[in-house]
Ligand code: UD1
């Protein structure tokens, strides 16, 4: 199937009705990682050959990225969870604002476009529900590789001067270990002239996944997963056939679904080393986790309070802070959760309070006193992971929880309600004209 234009926007009141109280049992399949797949897709811009990606999750964000790449001239063909990206005929270095605006990750295009074409104009991604999303580190790094970068009228324009318009290897020290900046700069450096070193690089598994893909395409990247990544630029990259890693955030959400319903579930495939901090906190809270091949089996009975603070990998992931808070709202005792990564990522607190959670909020710290029962209520998921947190809370609440904000949920979870229903949940998707 070739990706076509987006369907017209319909004003629908879409919501999930979650009837709480069911125990879950069985196996939940984890899709490929959204955050990896989005950046790996952008890497197709680096080569004239076709990139085949497998294990790509069926999500609206992936469709949006496909549309952006198609607008740049990439031939995008999707068959189930495999996507072919043929970058032979890149015809534009400027993705259209309307498409970029719908997907922050589209900013990833700037690194590979600049490396391949010597020029790129990408609209600034702007903030989002969870806070401001600066690209200062991305821009600083591109400049260190010899690009001239200006930001005017909301558009970042980057270009390389000189006869062959090729970036030059350089030394970059990131002020903060930004995942997106590390990935953007790795892609830019892959085709640069000479060696690039990125210090204080992000350690996230998605960075390693990108390095593995780039190396499969003929790049020379080493040190991914450590704070210092070295990239020796090559003249060209070639085709590759590559499978995306499992989604550690979806896996974590499923582990929490088992924990919040005090159930036993098998979840996989997972790479447990990607979930170290999450597994530790679940065990601290009283869950039992056992590896079974590529699956993790979790069983949960009583849940006790735990404290956690979000940190860059290998610390506790900010993307699972909201879902974990739903669990802690039902734990025995008082938990303290500190959000250190994004400034506006505690909006789910007010929604959990509507369901009877007892949470005090001060700055970026939430103090959660567990209650015996949450009660179903109409709630709104204010961002992708907050929406998942609401569904989890609904699974254990008394009565029916109606979750709105599905436009966020569908960006990051493939068929969430079908998957959960298959292991015993009771969730209905309703959609009617608003
Ligand atoms: C990625 C993930 C997102 C996750 C986040 C943190 C993707 C598509 N998204 O986002 O799901 O929540 O990592 O794990 O992979 N910062 C700066 N200056 C910069 C760039 C970032 O100060 O130039 C700050 C941000 O404000 C934030 C922190 O660094 O506080 C982390 O941001 P970053 O690692 O860049 O996150 P993303 O790559 O945007």
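The values are calculated or read from the model by the stated rules, or taken from the named source; none is laboratory data. As the structure is a computational prediction, the values presented were derived from the model and not from experiment. Methodologically, a virtual Cβ is constructed for each residue, glycine included, from the backbone with ideal geometry; neighbour enumeration extends over all protein chains shown.
Some notes on this structure:
- Per the listing 358, 326, the residue uniquely within 21 Å of residue 416 (Cα to Cα) and either more than 16 Å from the ligand (Cβ to nearest atom) or at pLDDT 95 or above (or both) is 326.
- From the options 239, 250, 183, residue that is within 16 Å of the ligand (Cβ to nearest atom), outside the structural domain of residue 317 (by TED's automatic domain parsing) and in contact (Cβ under 8 Å) with a residue 12 or more places away in the chain: 183
- Matching strands (runs of 3 or more DSSP E) fully within segment 245-345 where at least 3 residues are over 19 Å from residue 365 (Cβ atoms): 264-268, 288-292, 295-299
- When residue 67 is tested against the conditions (1) part of a helix (DSSP H, G or I); (2) closer than 20 Å to residue 217 by Cβ, the lone failure is (2).
- Tallying residues that are part of a helix (DSSP H, G or I), touching a strand residue (DSSP E or B) at 6+ places or on another chain (Cβ under 7 Å) and surrounded by fewer than 18 Cβ atoms within 10 Å (Cβ to Cβ) within segment 377-421 yields 1.
- Pairs where the first residue, in segment 340-361, is under 19 Å from residue 311 (Cα atoms) and the second is part of a loop (DSSP other than H, G, I, E, B) and modelled with pLDDT under 95, C-beta under 6 Å, 6+ apart: 342/130; 344/130; 345/130; 347/382
- So residue 92, is it in contact (Cβ under 8 Å) with a residue 12 or more places away in the chain, in a loop (DSSP other than H, G, I, E, B), within 16 Å of the ligand (Cβ to nearest atom) and closer than 22 Å to residue 61 by Cβ: no
- Any chance residue 120 is over 28 Å from residue 321 (Cβ atoms), away from the ligand (no atom under 16 Å from the Cβ) and touching a strand residue (DSSP E or B) at 6+ places or on another chain (Cβ under 6 Å): yes
- Here is the figure for segment 98-115: residues that are away from the ligand (no atom under 15 Å from the Cβ) and farther than 18 Å from residue 139 by Cβ total 3.
- Leading residue by the ranking (nearest to the ligand (Cβ to nearest atom)) among those in segment 123-143 that are within 23 Å of residue 44 (Cα to Cα) and in contact with a strand residue (DSSP E or B) (Cβ under 8 Å, 6 or more places away or on another chain): 135
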